[in-house]
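The values are calculated or read from the model by the stated rules, or taken from the named source; none is laboratory data. For clarity, every value in this text was computed on a predicted model and none was experimentally measured. Methodologically, a virtual Cβ is constructed for each residue, glycine included, from the backbone with ideal geometry; neighbour enumeration extends over all protein chains shown. Please note that ligands, DNA and RNA were not included when accessible areas were found on the heavy atoms of the full protein model with its side chains. Shrake-Rupley method; radii C 1.70, N 1.55, O 1.52, S 1.80 Å.
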Amino acid sequence: MSVTVFFLIGIAIGVATSAPVGPVNIAAIQRALRYGFLPGLLAGAGAVAADGIYAGFAAFGITAVSDFVERHSGLIQIAGGMLVILFGARILAAHPHFSEEDGPPTSLWAGMGTGFALTITNPGVVLGFLAIFGSLGKWAPDPGDYAGATAMVAGVVSGATGWWVFISAMVSRLRSRMTDAWLVWINRASGSLLIAFGVAIFLHLFLEG
């Protein structure tokens, strides 16, 4: 199978794994509405970096990483749950407003770091990639086919990046129609959803235990 086919399959995987609503989507949307296209995109880019790392582990068959994640899944989920709750509480406590001078945040890279942290601390991401790559059958690169594996990982990164470009561009265009009251309610909804995600993680751990 050609590297082009592997690349296209990777694009489909990248979009499919990025599109479901989760903490990173909420964080990126909130930043795009608050600050514009680039800050929203960078929040998604952090997730893309983590996705690329985990997709590489899955595509190249690096089982040591999946074993480590499975053994320490509880601790990783605790860290991720705490991070999601803290980030949600921070959004809830903020007092956002639009103004003529409203521009990018002090640090554009802070959003990227948040997106990366929210994704890398989610053991479901690496296990999800392992499940997806494992279910591809003949559509997956053969062991030792490094060109095919590289093309598929590049496709995952491209597909995920395309999704975040689309979301950030679409949401940032809505900024011109937003008022301070809209932004307050969006912050409340975003923060509440993030805290709910974090609480759900801890409930899941409690029920599993």
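Check whether at least one residue in region 24-34 is among the charged types (D, E, K, R), surrounded by fewer than 20 Cβ atoms within 10 Å (Cβ to Cβ) and modelled with pLDDT under 80, and report yes or no.
no
Could you say whether any residue in region 151-161 is exposed (fewer than 15 other Cβ atoms within 10 Å of the Cβ) and either more than 18 Å from the chain's Cα centre (by Cα) or closer than 30 Å to residue 56 by Cβ (or both)?
Checking region 151-161: not a single residue is exposed (fewer than 15 other Cβ atoms within 10 Å of the Cβ) and either more than 18 Å from the chain's Cα centre (by Cα) or closer than 30 Å to residue 56 by Cβ (or both).
State whether the residues of region 44-52 include one that is part of a helix (DSSP H, G or I), β-branched (Val, Ile, Thr) and modelled with pLDDT under 75.
no
Output the residues belonging to region 12-23 that are modelled with pLDDT of 85 or more and surrounded by fewer than 21 Cβ atoms within 10 Å (Cβ to Cβ).
Hits for region 12-23 are 12, 15.
I'm told residue 109 meets every condition in (1) modelled with pLDDT of 75 or more; (2) open to solvent by 40 Å² or more (accessible area, probe 1.4 Å); (3) more than 26 Å from residue 32 (Cα to Cα) except one. Can you identify the failing condition by its number?
Checking residue 109 against (1) modelled with pLDDT of 75 or more; (2) open to solvent by 40 Å² or more (accessible area, probe 1.4 Å); (3) more than 26 Å from residue 32 (Cα to Cα), the one that fails is (3).
Please find, within region 137-149, the residue that is nearest to residue 9 (Cα to Cα) out of those that are in contact (Cβ under 8 Å) with a residue 12 or more places away in the chain and surrounded by fewer than 21 Cβ atoms within 10 Å (Cβ to Cβ).
Selected residue: 139.
Is it true that some residue in region 61-76 is open to solvent by less than 20 Å² (accessible area, probe 1.4 Å) and at pLDDT below 80?
yes
Could you tell me whether any residue of region 122-136 is within 19 Å of residue 17 (Cα to Cα), over 20 Å from the mean Cα position of the chain (by Cα) and open to solvent by less than 70 Å² (accessible area, probe 1.4 Å)?
Yes.
Starting from region 19-37, take each residue that is in a helix (DSSP H, G or I) and list its partners that are of a type in the set (Lys, Arg) and surrounded by fewer than 22 Cβ atoms within 10 Å (Cβ to Cβ), counting only C-beta distances under 7 angstrom and pairs at least six apart or across chains.
Partner pairs satisfying both residue conditions: 33/175.
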